[in-house]
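Structure record follows, encoded as structure tokens.
Every number here is computed from the coordinates shown, using simple stated rules; none is lab data. These numbers were taken from a predicted model, which means no experiment stands behind them. We place every Cβ from the backbone using ideal geometry, glycine too, and count neighbours over all the protein chains shown.
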Amino acid sequence: MFKRFLLCYDGSAIGRRALKRGAELAILLNAHVDVLAVLPEGALSPAVAAGALGHSCIMDPQTPAHTRLLEESIAWLKERGVTAQGHLASGNTIERIAEYTQRLSIDLIVLGHYPQPAGGFWWSGSQRVSLADRTRCCVFVAVDSPDAA
């Protein structure tokens, strides 16, 4: 069954819903959880911004805000008895999720539902290749009921 989960988390309300649903399922199945936070492509890097202004900037690419969100999610899971560890990556979201899924031998990916105004979903990518097509495991999309506030 499912023994290793990859929870994709960005700190948003949608991401928190996926984290909560994934934790509930992990507790029921006594599964190990890896939490992945991906800094999306195109996010302005402080080092790039400083360079564009003619300044040098030496810093860790893992921003403190994202690192803090990841640490808080791991702590929240551990408080509930879930064995968890975190990973911070940057780049194309689908590619990073697929990469970590393979690297960590994941059985189930848990993520939130992010509809795009023009149709499709963030996890279907710009080339219209779905995350499910890129991985060899199940994908659980946490969606609120229509009457949820």
Quick check: pseudo-label points 7 Å beyond the Cα along Cα→Cβ at residue 67 and residue 138, how many nm apart are they?
3.6
What nm value, rounded to one decimal, do you get for the distance between residue 24 and residue 83 when each label is placed 7 Å out toward the C-beta?
2.4
